[in-house]
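**Q** Sharing a structure below in structure tokens format, with a few things to ask.
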Amino acid sequence: MEKQKLPNASTSLVMGILSIVTACCCYGIPGLIFGFIGLNMAKKAKAVHDENPEQYQGIGNVNAGRITSIIGIVLGVIFLIILIYLVATGKFTEMIEQQQQMIEQMQNQ
């Protein structure tokens, strides 16, 4: 009997990778969302695998998806804390203004 692919194994891995990328690029909030979705999918896939381990293949993708989701959640929390700090101290607007000045300088060259 040929083993079946584990449902949600690849999806949990993709969500975990997206959580890391978006946590670093989008101030953490999408990273948290993708991380929790990936973690939930990995949990469901692991439960399906544990019911009948001989029938399914792809537990490695589930484990990798769980790990990347956890990393994405941690990064998302860190970036969200930094964002809250920057907004609370008023440094966020200064940072945005500096970025705009840099963009204008690059366009003028």
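The values are calculated or read from the model by the stated rules, or taken from the named source; none is laboratory data. Worth saying up front: this structure is predicted, and the values here are computed from it rather than measured. Quick reminder, even Gly has a Cβ in these numbers, built from the backbone with ideal geometry, and neighbours come from all protein chains shown.
**Q** Quick one: in segment 67-105, of everything that is of a type in the set (Gly, Ala, Ser) and assigned to a helix (DSSP H, G or I), which residue is nearest to ALA42 (Cα to Cα)?
**A** To start, the set of residues in segment 67-105 that are of a type in the set (Gly, Ala, Ser) comprises 69, 72, 76, 88, 90.
Keeping just the survivors that are assigned to a helix (DSSP H, G or I) gives 69, 72, 76, 88.
Details: SER69: 9, GLY72: 14, GLY76: 18, ALA88: 36 Å.
This residue is SER69.
**Q** Can you list residue pairs whose Cβ atoms sit under 9 Å apart, with the first residue in segment 54-79 being farther than 16 Å from CYS25 by Cβ and the second being aromatic (Phe, Trp, Tyr)? Count only pairs 6 or more apart in sequence or on different chains.
**A** SER69/PHE34; SER69/PHE36
**Q** Moving to a separate point now. Could you please tell me which pairs satisfy a Cβ distance under 9 Å, a separation of 6+ or placement on different chains, a first residue in segment 84-100 that is on the phi > 0 side of the Ramachandran plot, and a second residue that is surrounded by 11 or more Cβ atoms within 10 Å (Cβ to Cβ)?
**A** Final answer for the pair search is none.
**Q** Could you count how many residues in segment 1-45 are over 26 Å from ILE78 (Cβ atoms) and either out of contact with any Pro (no Cβ under 9 Å at 6 or more places or on another chain) or surrounded by 19 or more Cβ atoms within 10 Å (Cβ to Cβ) (or both)?
**A** Initial filter on segment 1-45 (over 26 Å from ILE78 (Cβ atoms)): 1-10, 44-45.
Imposing the further condition that a residue be either out of contact with any Pro (no Cβ under 9 Å at 6 or more places or on another chain) or surrounded by 19 or more Cβ atoms within 10 Å (Cβ to Cβ) (or both) reduces the set to 1-10, 45.
Here the count works out to 11.
**Q** Of the residues GLN99, GLN109, which is over 26 Å from the mean Cα position of the chain (by Cα), of a type outside the set (Asp, Glu), modelled with pLDDT under 95 and surrounded by fewer than 13 Cβ atoms within 10 Å (Cβ to Cβ)?
**A** Details: GLN99 fails: over 26 Å from the mean Cα position of the chain (by Cα).
Residue meeting the stated conditions: GLN109.
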